[in-house]
Amino acid sequence: MTYNRNWNLTDSELISRGALHEDELVRELTERLAYYTDRSLDSAIRVAVYGSLRRGMGNDGLLSGSELLGTTGVEGFEMYSLGAFPACVPTDGEEMVQVEVYEVDMGTLESLDMLEGYPNFYDRQRVSTVFGEAFMYFMHQEPEGQPKVIGGDWVGHRAAQKTTGIIDRGVYA
């Protein structure tokens, strides 16, 4: 089956903007679902995680049955601390966030969607990694008043907090 992959908006943007009439929206979302379902059967589902899902962090148990492919950087995102967890926001700059890339099954992806509040809190998109394309969760807008995590490494950020005792009162290199 051939799919129209020239989607200009994410699923949540389509819905929130009311960009299409109901029948067009249903057709577009049905086509996207078929595309992702076919891809998940033909190739691995990969996710790039940068915060509480990384090894040693609070939610890493959700990925315990998944294969860790490795750690890498993903360009085009800035990381902000929301306190107990981070958020990444797309940027036009050369900023980079550190991610772990996992191969997951559909059930795990659905669990991650629930944890991340997809599509209402975080959205997700495919990003390019050295391990192939992977889904990554992100926010569309910079979280107002939240500190930026310089260097985009949540594990390093949390380690610095433990060492210094400073909890999100500044940025960490």
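Taken together, the values in this text are just the output of simple stated rules run on the coordinates, not laboratory data. It should be emphasised that the depicted structure is a prediction, and the values quoted were computed from it without experimental measurement. Glycine gets a Cβ as well: all are built from the backbone with ideal geometry, and neighbour counts include every protein chain shown.
Here are the numbers for this structure:
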| read-out | value |
| --- | --- |
| HN-Hα J in Hz across the stretch 57-66 - Karplus 6.51, -1.76, 1.60, θ = phi - 60°, x for Gly and Pro | 9, x, 10, 5, x, 5, 9, 4, x, 10 |
| Cβ-Cβ FRET estimate between Thr91 and Asp60, R0 fixed at 22 Å, reported to 0.05 | 0.25 |
| Cα centroid separation, the stretch 41-120 to the stretch 140-154 (Å) | 15 Å |
| Virtual spin-label span in nm between Gln125 and His140, 7 Å along Cα→Cβ | 1.1 nm |
| Footprinting exposure proxy for Met79, Met96 (fewest neighbouring C-beta atoms within 10 Å first) | Met96, Met79 |
| Footprinting exposure proxy for Phe121, Phe135, Phe77, Phe85 (fewest neighbouring C-beta atoms within 10 Å first) | Phe121, Phe85, Phe135, Phe77 |
